[in-house]
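The next block holds one structure in the form of C-alpha cells; read it before the comments.
Every read-out reported here was derived from the displayed coordinates using simple, explicitly stated rules and does not represent laboratory data. What you see is a predicted model; the values in this text were computed from it and never measured. Cβ: placed from backbone, ideal geometry, glycine included. Neighbour counts: every protein chain shown.
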Amino acid sequence: MGEIIQFKRPDGKTCPGYLATPKTGSGAPGFVVIQEWWGLNDQIKKTADRLAEAGYRALVPDFYRGKVATASDEANHLMTNLNFPDAADQDIRGAVQYLKQSSKKVAVGGFCMGGALTLLAAVRVPEIDAGACFYGIPPLDATELKKIKIPLICHFAKKDDWCTPAKVNELEAALKQSKSQFELYRYDAQHAFMNEARPQVYDAVCAKTAWERTLAFLKKALA
C-alpha cells in the first residue's frame, strides 16, 4: 500500500520515509507517524497503512536511515544515538512540511520513543495542527510543556515503569496550564499495549479503544 519516498528537511538535507496514501488521494489530511525505538519496521508500516485506510496520508520518517532493531539492547543503542532535537526540528518538521504541500492539516503521533518525540515536536514545530501521543514523555520541564497550543490526545498505560503514573500526572498538570485542548487516557495495560507484534504486552481491548478514540479526535482536530 505504501512506498518509500525521500522528502526535504528544512536544512535542505533529505530524509527517507514510508508514505501510505488513502483512496481519497493527496488532498486528504496528513499524519506523521513516529516509530517506536525499533525503527521503520513492518509493524509501524502497518500502522501507517491503517491510518491510510481511515482516510489519512500517513508518512513515517526513517530516523535511523534504514537500520531496524529486533532486540531491545540494539533498539536502545539506536535510540540513545538519535539526536532528538534534530529529529524534531528537521526530520519531523520536514515530514509535516512535505504533507502540507497538499494536505491542509497535519497531525503528528507516535508510540513509546515516538510518543516522546510527538510532545517534543508539539513544542518545537509550528506547522503541526494536532498531536497523538502513545506512552511517551520527553525529558522536558513543565515550562516547556506549557508552551503547547495544539490539541492533543494522550494514551498511557497504568503498568509502565518508564512513563510511570506519577510522571503522567506531572505531564497532565503541565498540560492543564497550557493552551492545549487535550484529552488524556489511562489504560489498565502495559507499556506498548498498541503493538500487535509484541504479544507479551499487546492488549487488544485497550488498543481498540485507544485507536477509536484517536480516530474520533483526529476527525475533530483536522476537520
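If we keep just the residues of segment 2-36 that are among the aromatic types (Phe, Trp, Tyr) and more than 19 Å from Ala207 (Cα to Cα), which is nearest to the chain's Cα centre (by Cα)?
Pass one, segment 2-36, residues among the aromatic types (Phe, Trp, Tyr): 7, 18, 31.
With the extra rule that they be more than 19 Å from Ala207 (Cα to Cα), the set shrinks to 7, 18.
Details: Phe7: 18, Tyr18: 14 Å.
Per the stated criteria, the residue is Tyr18.
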| said: Just the residues that are within 17 Å of Met194 (Cβ to Cβ) and of a type in the set (A, V, I, L, M), please, taken from segment 90-145. | reply: Ala107, Val108, Met113, Ala116, Leu117, Leu119, Ala132, Ile137
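Could you identify the single residue in Ile153, Ile137, Ile148 that is of a type in the set (Val, Ile, Thr), surrounded by 15 or more Cβ atoms within 10 Å (Cβ to Cβ) and within 18 Å of Trp37 (Cβ to Cβ)? Quick ask: steps written out before the conclusion?
Working: Ile153 fails: within 18 Å of Trp37 (Cβ to Cβ); Ile148 fails: within 18 Å of Trp37 (Cβ to Cβ).
Result: Ile137 is the single residue among Ile153, Ile137, Ile148 that is of a type in the set (Val, Ile, Thr), surrounded by 15 or more Cβ atoms within 10 Å (Cβ to Cβ) and within 18 Å of Trp37 (Cβ to Cβ).
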| List, please: which pairs have Cβ atoms under 6 Å, are six or more places apart or on different chains, and start with a residue in segment 71-98 that is of a type in the set (Phe, Trp, Tyr) and end with one that is surrounded by 17 or more Cβ atoms within 10 Å (Cβ to Cβ)? | Tyr98/Phe7
| query | Looking at (1) under 17 Å from the mean Cα position of the chain (by Cα); (2) outside any helix (DSSP H, G or I), which is the only condition Thr47 fails? | reply | (2)
| task | Check whether at least one residue in segment 70-78 is more than 23 Å from Ile153 (Cβ to Cβ), touching an Asp or Glu at 6+ places or on another chain (Cβ under 7 Å) and among the aliphatic types (A, V, I, L, M), and report yes or no. | result | no
| query | Is it the case that Gly25 is without any contact (Cβ under 8 Å) to a residue 24 or more places away in the chain, surrounded by fewer than 20 Cβ atoms within 10 Å (Cβ to Cβ) and small (Gly, Ala, Ser)? | reply | yes
| task | Could you tell me whether any residue of segment 91-98 is in a loop (DSSP other than H, G, I, E, B) and of a type outside the set (Val, Ile, Thr)? | result | no
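Only residues that are part of a loop (DSSP other than H, G, I, E, B) and of a type in the set (A, V, I, L, M, F, W, C): list them for segment 105-125, please.
Going through segment 105-125, the residues part of a loop (DSSP other than H, G, I, E, B) turn out to be 105, 112, 125.
Residues satisfying the conditions are Cys112, Val125.
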